[in-house]
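Shown next, in structure tokens, is the structure this report addresses.
The values are calculated or read from the model by the stated rules, or taken from the named source; none is laboratory data. It should be emphasised that the depicted structure is a prediction, and the values quoted were computed from it without experimental measurement. Using ideal geometry, Cβ is built from the backbone for each residue, glycine included, and neighbour counts are taken over all protein chains shown.
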Amino acid sequence: MSRPIKIEEIERLWDQIASGRDVVGFEDLAKALSGLGNQQATDHLDLIADEYDQVDGITRQQFLATLASLTGDLTSRVSIAFDVFDANGDRKITHDELRDVLLAFGIAEDLTDHFFAAADKDGDGAISFSEFQAATSNAEGRHPLRYRDVHPSLMAPAPTETVTSVQFSKNPQSAPQGKDRRRGEGTSRLQMQIGLFRLLQGAAYRSFRENFAANYETHLAAKTMPYTITEFARYTERAIELYKALGVVEPACFEVLDAVPLSLRQELIKLDDRISTWASIEKSMEMSRAAAEMDAERTDRARTHHVFDALVECALTLRRKNLTVADLSDGALDLHEVKRLRSLDLHQPPPSTKGGQDGDNADYLAAWNGVILETAGEEIDGAMMPNAYWYQEFMPKLLAACSVATADDIVANTMPDEADLDEWFHEARASGEFHPFAEAEMDQFATCEPSQKLMIKQAWRLTRHYLNGIQKRRERLEFGRDSGSLSQYVAFLDVYLGRSDVRDADMRLSFPYFIGPSTWRFLHTTAEIICHRDVEDQPKLIALFKSFFRSFAAMYPCPYCRYHLNRYVVQNREVEYYPLEYLVLGCDQRKNGFEASIDNKLDTISDGPSLRLFLWKLHNAVSSSITRTEPWFHRDERAFYASRYWPSLSEEVACARAFGETEVPINRLSHFSGMLTPVGRLASLRGRWRGMHMMTGSANLAQLVSDAESSVRDLEDALAAGEFLEKTYRFDPSFEDNAPHFTPEEEAYSRSGLFVEA
């Protein structure tokens, strides 16, 4: 037999020969194996008998290992090796199981974490069979050094609708002014600008060099979920198109907005050219340094492949000789592969988590970083981008795009006037604006070029409400509540302020209270804007939103949140935590449990009102599922319906007390009470679900979904009657945000576990 044998074929051959016996004689086995046409396999039986004096024959495990070793395909070899190292048979290799093997090989203990992390692609704290197979050198082919005239990701379809002008609604939103506006109600232009800016700058920071999502429970990188530069370009394009279509800014500002994705497209063209001509182009010292670092990473991957190749060979030998992993420590195995492995120069420290190079901060502008085009582990020469692009091209354009709203804003935000900028700086500093978090770094302002001063001013406008406001006080004390700087929350600004936060990977732009509230306000306000558009315009806007949201899920700046959203929330994986109205949203009733996908969820959106409800349910699902991550942000087991559920009467009362209010309006209380009946029915249905959610049979699930429909509909009607979402997230372009401030009582409330921004 010339082709490699699959593990299933080897197992069938054993069953045919053994006929139920545990041990088969060598003579009978040799006769059967001769039919394979592989003399090497037949000859090897004598070696087994000679080495171990097993005159009685060969066991099933020895047979499988021998055939896999001599004539098996890669999967059969890896399958047997995986079973050997999976000591408890749970179909995954734990850190301790791999550690025991590597230590027996003589590999330094401080390197066992490195090799485990290299194989654990999804960061779940265990190595699955597919991950183990991928860690071997021949499991997945080397990423080809391929070049296309234009990279296919760059040529992906544009957003469904390209916006060149905005048709404002005939019934524009209006928000109550002055005393009629409740605290937290209404979204300003600045808040929408902040939301867009933080999403895009955070994704840029994750994409400008190699980065991955991270498992929020194990804190390990999920190599299956990289931040790719091509997806970032799509994300930026879609976000800008949606933002323009919402009418947040005047059409006169569109050119400033379009400059951001245009700049990225042009830079990716340069990237493709660099890849195609890498062998012949002249390389600067910094480019050569980046290439050397990329080669070192490839060498490290090759070293990892080599280690796992040796593990496979070792496992096959263990099985053939009826040995266990524990026997390795006793010197029972002395293979050539193990000797070769031990002689490798493996005792090198793992790559630093700090980015960049040593030297003056300004030198970092001249540096280059490797980027991921499509998948982790790709090996594409020339796949690198200059840091200078992000500092000198991308960030100035993004800051300008998120600073303009009307035609009157364009000149001041694209053509720096140094005298005006200096005046702003001196007035802001004299008023104490920069104290305490930006005071020291602002000493560098006078040394900056006018264009850099403009960036600093724009960045401060988009960040001051956080640094000087209540959300900053919600940070954990051990994570820097009382420290921080502007350049830690705004990327590609640090060099101008005499810092190295980007280079040192010391950024805070994905801190939950920095990115979370602004993101949710941006999303909810998007829904409110669409709700108030003419019915015939809503399908186009919904198409833009869906396109944006798919990229949003792949580019969310917080690595942990991105992992959680994609692997758990949109798939209904944590059903114990999610409100029932979210679980039934788009779930496949033909399957077990509440299985769903991001497409299933998005398919439930057809217009503004359905988008409004989708985001409300998603927000509550996320809030409920993260309650277990902080001691004070606990899951309330006594909660009537679901912990961290909004709108909530208990949170409303806690908020009123924090702000010194002695009463809650009767109308508002009546709307809260209107939600109690459907909430109670859904709570009862959750009780039913607890007893059946692990059962198979789609009929039960279908019946539960059917029973929940009327209660969900009543809950949605009660939510709409109270106008909770509409009032809280209504877009009001005339709304001016107050200067950031808070009282000690408000700060205490912000960390009470009952805090809501609305």
Test for residue 424: is it touching a Lys or Arg at 6+ places or on another chain (Cβ under 7 Å) and either under 21 Å from residue 188 (Cβ atoms) or surrounded by 21 or more Cβ atoms within 10 Å (Cβ to Cβ) (or both): yes
With criteria (1) modelled with pLDDT of 95 or more; (2) in contact with a Phe, Trp or Tyr (Cβ under 6 Å, 6 or more places away or on another chain); (3) surrounded by fewer than 23 Cβ atoms within 10 Å (Cβ to Cβ), residue 215 comes up short on (1)
Elements of type helices (runs of 4 or more DSSP H) in the stretch 1-80, at least 3 residues being modelled with pLDDT under 80 and out of contact with any Gly (no Cβ under 8 Å at 6 or more places or on another chain): 26-33, 39-52, 60-71
Residue 496, sole failed condition from (1) touching an Asp or Glu at 6+ places or on another chain (Cβ under 6 Å); (2) closer than 18 Å to residue 396 by Cα: (1)
Could you tell me how many of the residues in the stretch 248-270 are crowded, with 21+ Cβ neighbours inside 10 Å and more than 23 Å from the chain's Cα centre (by Cα)? 4
Could you pull out the residue among 116, 63 that is aromatic (Phe, Trp, Tyr), crowded, with 17+ Cβ neighbours inside 10 Å and over 21 Å from residue 223 (Cβ atoms)? 63
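This table checks each residue for (1) in the same structural domain as residue 197 (by the TED database); (2) assigned to a helix (DSSP H, G or I); (3) buried (at least 22 other Cβ atoms within 10 Å of the Cβ).
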{"residue": "548", "(1), (2), (3)": "no, yes, yes"}
{"residue": "554", "(1), (2), (3)": "no, yes, no"}
{"residue": "557", "(1), (2), (3)": "no, no, yes"}
{"residue": "560", "(1), (2), (3)": "no, yes, no"}
{"residue": "563", "(1), (2), (3)": "no, yes, yes"}
{"residue": "575", "(1), (2), (3)": "no, no, no"}
{"residue": "582", "(1), (2), (3)": "no, yes, yes"}
{"residue": "589", "(1), (2), (3)": "no, no, no"}
Name the pairs whose Cβ atoms lie under 7 Å apart, with the first residue in the stretch 80-100 and within 20 Å of residue 110 (Cβ to Cβ), the second buried (at least 18 other Cβ atoms within 10 Å of the Cβ) and among the small types (Gly, Ala, Ser), and 6 or more positions between them or separate chains? 93/126; 94/126
Against the definition (in contact with a helix residue (DSSP H, G or I) (Cβ under 9 Å, 6 or more places away or on another chain) and either aliphatic (A, V, I, L, M) or on the phi < 0 side of the Ramachandran plot (or both)), how does residue 485 come out, yes or no? yes
Residue tally, condition touching a Cys at 6+ places or on another chain (Cβ under 8 Å) and closer than 12 Å to residue 473 by Cα, over the stretch 725-754: 1
In the stretch 283-290, is there at least one residue being in contact with a helix residue (DSSP H, G or I) (Cβ under 6 Å, 6 or more places away or on another chain), assigned to a helix (DSSP H, G or I) and closer than 30 Å to residue 403 by Cα? no
Examine the stretch 593-600 for a residue that is without any contact (Cβ under 8 Å) to a residue 24 or more places away in the chain, in contact with a helix residue (DSSP H, G or I) (Cβ under 9 Å, 6 or more places away or on another chain) and either surrounded by 22 or more Cβ atoms within 10 Å (Cβ to Cβ) or in the same structural domain as residue 729 (by the TED database) (or both), and state whether such a residue exists. yes
Out of the residues in the stretch 570-598 that are acidic (Asp, Glu) and over 24 Å from residue 725 (Cα atoms), which is farthest from the chain's Cα centre (by Cα)? 588
Counted residues in the stretch 381-415 being over 21 Å from residue 196 (Cβ atoms) and surrounded by 20 or more Cβ atoms within 10 Å (Cβ to Cβ) come to 6
Being surrounded by fewer than 20 Cβ atoms within 10 Å (Cβ to Cβ) and either under 28 Å from the mean Cα position of the chain (by Cα) or at pLDDT below 80 (or both) narrows it down to one residue among 300, 363; which is it? 300
Going through (1) farther than 19 Å from residue 517 by Cβ; (2) at pLDDT 80 or above; (3) of a type outside the set (Phe, Trp, Tyr); (4) in a helix (DSSP H, G or I) one by one, residue 663 fails only at (4)
Exactly one of (1) touching a Gly at 6+ places or on another chain (Cβ under 8 Å); (2) among the aliphatic types (A, V, I, L, M); (3) modelled with pLDDT of 95 or more is unmet by residue 505. Its number? (3)
